[in-house]
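Participant: Take this structure, written in structure tokens, and hold onto it; I'll ask about it next.
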Amino acid sequence: AVTLRKIHEACCYEPMRPNKNADAADDFDEADFNAEFTRCVFRIMPVKKSESVGDRTIRFIGLFLRHANDKDNDLLGETDADASTMPETPSSRLTAEVMEAVLPLLASKDKFVRYRSTQLISHIINSLDAIDDDLFQKLRQGLLKRIRDKEAVVRSQAVLGLGRLAGNQIEGMTNPEESDDDAETGLLEKLLEVLQNDPSAEVRRSLLVNLPILPATLPYLLERARDQDAATRRAVYARLLPALGDFRHLSLSMREKLLRWGLRDRDENVRKAAGRLFRERWIEDCAGVTQPEDGEAPPEPAAPTLDGLLELLERIDVVNSGVENGVALEAMKGFWGGRPDYRDAMDFNDKFWETLSAESVFVARSFNDFCRTEGNGKYEALVEEKLPEVTKIAYFLERYLSVMIEAIQRANNQDNVGEDEEEEDTVEQEFIVEQLLHIVLTLDYSDEVGRRKMFALLRQALSIPELPDEVTKLTVEVLRDICAPDNAGEKEFCSVVLEAVADVHDAIVDDGANGDDDESFHSARSEVSGNSTPTRKGKNTKDTEMSEEESRDKAIKEIMINMKCLHIVQCMLTNVEGNLQQNDHLVSMLNNLVVPAVRSHEAPVRERGLVCLGLCALLDRPLAEENLTLFIHFFSKGHAALQITALQILTDILNVHGAQLLSSNPTLLKVYVKALRSGSRNPEVQGAATVAVSKLLLGRVVTDSETSSELLKTLIIAYFDPSTAGNQSVRQALNYFLPVFCYSRAENQDLMRSVALDTLHALYNIREGIDDDEMDVDDEMASLNTIGACLVDWTDPRKCYMPGVPMDADRKNVNGDVHLDFASDILEKLNGNLSSKYMSHHS
Amino acid sequence: PETATRQRKEKEPFEIDFTSALDGKLAETIFTQASSNSAISLPKKDWKSKTRNLLPDDKHFNSKQLLSLFLKPKARMNSKRNRFNSRIGTSSHAAQSGSVHAADMDE
């Protein structure tokens, strides 16, 4: 490498002598030199792309021309340097001559000549500071044609040169005198079009990193974060965004999207690049002292500051991105993992807890999550050391709970005045409480004093009717954790939650009822232990006296009560595992709250009741059997969302209670098949059904060969059927499921084998059925070859998991029967076809 | 004479012979123009991409989703009947191959 560099340097400087001599000496004049130089340039043109000599020679020419131009300009002296017209020098004449000579080659028949000529011109454009105007126009025209070249490599060279030209042109446009014509803006537009549409990822990537970053180009550049090509997506995170400067100039929604796309990318390298961007660049923008000027080396990473981190979280709108399934948690997990300096610098003292904001509580919550889930427990000590004890956290939680409730009540009372501000405040208060509860969920309750304190606090909180849904859900979860994990603990948990349900019911009934009728005495106690719901009773007594408005208010209130109680119950049931019949609390809740709700005339109440009934059915097999028809009914008659709920309930029931329910209920199989085929009418239902059936097959709930064949076949067809092309839920679920299913068990692979031919035939018919006139078949559906290749691949025994054999083991001696059987199936089929043709021929 | 310096590059297995005159065949390669613009250009139908070469929204399927209940995502599926235990091996395999996220259709 050293010698190469020496040669390179030698090459670089030695030609200067002949050049200078050419001006002075007689034996070779400038024309001779230029002709000879051009002749050599021609020599490079046919060099294949794979030969690096070609690249190096072209770099050499660029270096030489640049050097020669600089020297010439130096010789001219400074006076001319700022002149508006370009001075003519020997080097500019040489450049022009070479360029003029190479220009026609851009349209050469030979692809390598086009490649090298385009490469040379683009390279020289990028090497030189200024080019003569006329020449510039010609080069631009020549290169513009090449962005539509047949060869991707030529196009990618063309855009390299044009990207630079587009950059110059924009600089010119800020100076009004120079921004002359529309053709100039046209160039940028053309390049942006190529950036979006060019079939070659290399071309798109090359533009991505070479186009000037401008308000007009930025949206197009950022859009490449979702490019089909992983390397291009990575370039957005590893090259474009770091070069962009302060990320705070991006819009809030753009920051969130970029972060989410990057951190959840399907390609690991993209995820890594996005993680690094967040924890190394974006934090610097917030915590760093000054921005590096262009060309300066980046400054040392700034010392960790909590304020910087808080700003970073604010800049990604943590109140919205920090909720469950939001991207902020993933971002911070990577942050804590990659920034030990911040891990050590965190100090969660009393002052910190007393002045929590959405951002600071999220710092604590994400830090806590990270330390408890990552690194196999090696950070446990760190978080134990930095976090206060349970009693103290309970004390802070209490404070923020009451602040939140006050804020909500305030917002409820002043309906219109300053609504936005109030609402924003309650949202932040809710967020703080949620995050605290997430921390509380991970604590150790072996300390009895802390445990009692927390238990009492949450039990009391759950009785507050205004408690928001998400907070309710988390509160119930914590209560379950605080109670013992055994049956007795579960009973205690249920009884405590149901007490709270009764309190909530009473509170709402009392509130605003003003004792105007006996209804207010119809307490929640009777709801839980009595025999009726709050919906029916007493409706008749005063009907005649009540105005229409009053009765409407009353009805709305009843719905509210029911919805709230059912929600708490639903949260509770999600955390219950024991048998329903053995838990009296649950039995009476089922009879007094859930069953009446399912029969309610109010759709929202009925639907929430259905979910609760489903959850109960998971705890009680006879109950599940009794209500199977009811769930099926909801599927057949319900709207799409309800159909999905019904499907999910049914699937969970089968998973928990076994597939006998399926075999004893033939209509149930029809439900699944119908849902799988619901296609264009109901893409969401089809998506949910795909996941549901995948679960049944993968979980080996359905093992009966006829049923599983039928389901698997339907899934494969759905995977390739053009009608699901726009349904990403179906396609992506199957793209995940099919290989996982086949490779996880030899039996599964054999099932795939057994349905493969039938499926292929069905897909053949679908393909034949596509109307050629209306659309391009190949655009709509994979070719039969591709489908066949998938089937063969899924049945490849070498890819199948074998108990006791590591996945990366050398797999030479694998039982290949699956493929042999597959082959014999095919032969048999062919044989059958032949003989039937033969027969028909003779009959 | 000017080319003399550049000849040193010819240590490479691939050589560009700058000294010799262009022979006819090479000159033909270099100077033959394409018969028409369309012969060397991308067919017009490839100028536009329906998808703008962007990925569809990812649905992020993973083994966890397939191995948990819809209504009780935290509870492990089949835990009661204990059938799950025999599948632990396969599920870890599922997680492995699943993390590849090869969601593209064209295989």
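Participant: If you plug each phi of segment A:402-408 into the Karplus form 6.51 cos²θ - 1.76 cosθ + 1.60 with θ = phi - 60°, what whole-Hz ³J(HN,Hα) values come out, in order, with x for Gly and Pro?
Facilitator: 6, 4, 5, 4, 4, 4, 5
Participant: Give me the distance in nm between label points sitting 7 Å out from Cα along the Cα-to-Cβ direction at A:D133 and A:S783, one decimal.
Facilitator: Between A:D133 and A:S783, the label points sit 5.4 nm apart.
Participant: Shifting gears a bit: At a Förster distance of 35 Å, what's the computed FRET efficiency of B:H60 paired with A:K145, Cβ-Cβ distance as r, to 0.05? Numbers along the way, then the final one.
Facilitator: On the way: r = 43 Å, r/R0 = 1.22.
For B:H60 and A:K145, the calculated efficiency is 0.25.
Participant: What ³J(HN,Hα) values, in whole Hz, does the Karplus curve 6.51 cos²θ - 1.76 cosθ + 1.60 give for segment A:467-484 when θ = phi - 60°, with x put for Gly and Pro?
Facilitator: Values, residue by residue: 4, x, 4, 5, 5, 4, 4, 5, 4, 4, 4, 5, 4, 4, 5, 6, 6, 4 Hz.
Participant: Moving on to the next point. Classify segment A:592-649 as rounded, prolate or oblate, taking a ≥ b ≥ c as the square roots of the eigenvalues of its Cα gyration tensor: rounded when a/c is under 1.5, otherwise prolate if a/b is larger than b/c and oblate if not. Mind showing how you got there, number by number?
Facilitator: Details: a/c = 1.81, a/b = 1.14, b/c = 1.59.
Taking the square roots of the gyration eigenvalues as a ≥ b ≥ c, segment A:592-649 is oblate.
Participant: Assuming R0 = 22 Å, what is the FRET efficiency of A:K674 and A:T629, from their Cβ-Cβ distance, to the nearest 0.05?
Facilitator: Details: r = 16 Å, r/R0 = 0.72.
Using R0 = 22 Å, I get an efficiency of 0.90.
Participant: Shielding of A:192-200 by partners, i.e. mean partner chain Cβ atoms within 10 Å per residue?
Facilitator: Details: counts 0, 3, 1, 2, 6, 8, 5, 5, 3.
Across A:192-200, the average partner-chain Cβ count within 10 Å equals 4.
Participant: Is the C-alpha gyration tensor of segment A:317-376 telling us rounded, prolate or oblate? Criteria: a/c under 1.5 is rounded; beyond that, a/b larger than b/c is prolate, otherwise oblate. Display every interim value, and only then the final one.
Facilitator: Values: a/c = 1.90, a/b = 1.05, b/c = 1.81.
Judged from the Cα gyration tensor, segment A:317-376 comes out oblate (a/c at least 1.5, b/c at or above a/b).
Participant: Let's see if you can work this out: charge +1 on each Lys and Arg Cβ, -1 on each Asp and Glu Cβ, no other charges. What is the dipole magnitude of segment A:244-285 about its Cα centre, in debye to the nearest 20?
Facilitator: Numbers: 11 positive and 8 negative charges, 36 e Å.
Using Cβ point charges on Lys, Arg, Asp and Glu, segment A:244-285 gives about 180 debye.
Participant: While we're here: Once amide H atoms are placed 1.01 Å from N in the peptide plane, what residues at a sequence separation of 5 or more from B:S41, or on another chain, have their amide H within under 5 Å of its amide H?
Facilitator: Those qualifying (amide H under 5 Å, at least 5 residues apart or on another chain) are A:K150.
Participant: Rounded, prolate or oblate for segment A:268-395? Axes are the square roots of the Cα gyration tensor eigenvalues, ordered a ≥ b ≥ c, and the cut-off for rounded is a/c under 1.5. Please list the in-between numbers first.
Facilitator: On the way: a/c = 1.71, a/b = 1.53, b/c = 1.12.
In terms of gyration-tensor shape, prolate.
Participant: So between A:D510 and A:H249, what do we pick up on full extension, going 0.36 nm a residue minus the alpha carbon distance? Write down the numbers at each step before the final one.
Facilitator: Numbers: separation 261, 0.36 × 261 = 93.96 nm, distance 5.22 nm.
Here the segment from A:D510 to A:H249 would lengthen by 88.7 nm.
Participant: If I model a spin label at A:H601 and A:S588 as a point 7 Å from the Cα along the Cα→Cβ vector, what separation in nanometres do I get?
Facilitator: 2.9
Participant: Please give the length that would be gained between A:N269 and A:A302 if that part of the chain were fully extended, namely 0.36 nm times their separation in residues minus their C-alpha to C-alpha distance (nm, one decimal).
Facilitator: Numbers: separation 33, 0.36 × 33 = 11.88 nm, distance 2.57 nm.
Taking 0.36 nm per residue and subtracting the Cα distance, the gain is 9.3 nm.
Participant: Quick one: if you stick a label point 7 Å off each Cα along the C-beta vector at A:A488 and A:I559, how many nm between them?
Facilitator: In this crude label model, A:A488 to A:I559 measures out at 4.5 nm.
Participant: For the pairs A:K138/B:K45; A:K333/A:K473; A:K138/B:K44; A:K453/A:K557, note any where the Cα-Cα span goes beyond 31 Å.
Facilitator: On the way: A:K138/B:K45 27 Å; A:K333/A:K473 23 Å; A:K138/B:K44 24 Å; A:K453/A:K557 33 Å.
Beyond 31 Å between Cα atoms: A:K453/A:K557.
Participant: Please give the average number of partner chain Cβ atoms lying within 10 Å of the Cβ of each residue in A:782-794, rounded to a whole number. Don't skip to the answer; put the middle values down first.
Facilitator: Values: counts 3, 0, 0, 0, 3, 1, 0, 1, 2, 0, 0, 1, 0.
Per residue, the number of nearby Cβ atoms from other chains is 1 on average.
Participant: Measure out, as a whole number of angstrom, how far apart the alpha-carbon centroids of segment A:588-631 and segment A:425-489 sit.
Facilitator: 26
Participant: Related question: Once R0 is set to 41 Å, what does the formula 1/(1 + (r/R0)^6) return for the Cβ-Cβ distance between B:S36 and A:A823, expressed as a FRET efficiency to the nearest 0.05?
Facilitator: So the FRET efficiency works out to roughly 0.25.
Just so you know, all these numbers are worked out from the coordinates, no wet-lab data involved. From a predicted model like this one, the values you see are computed outputs, not experimental measurements. FYI the Cβ positions are ideal-geometry reconstructions off the backbone, even for glycines, and counts take in every protein chain you see.
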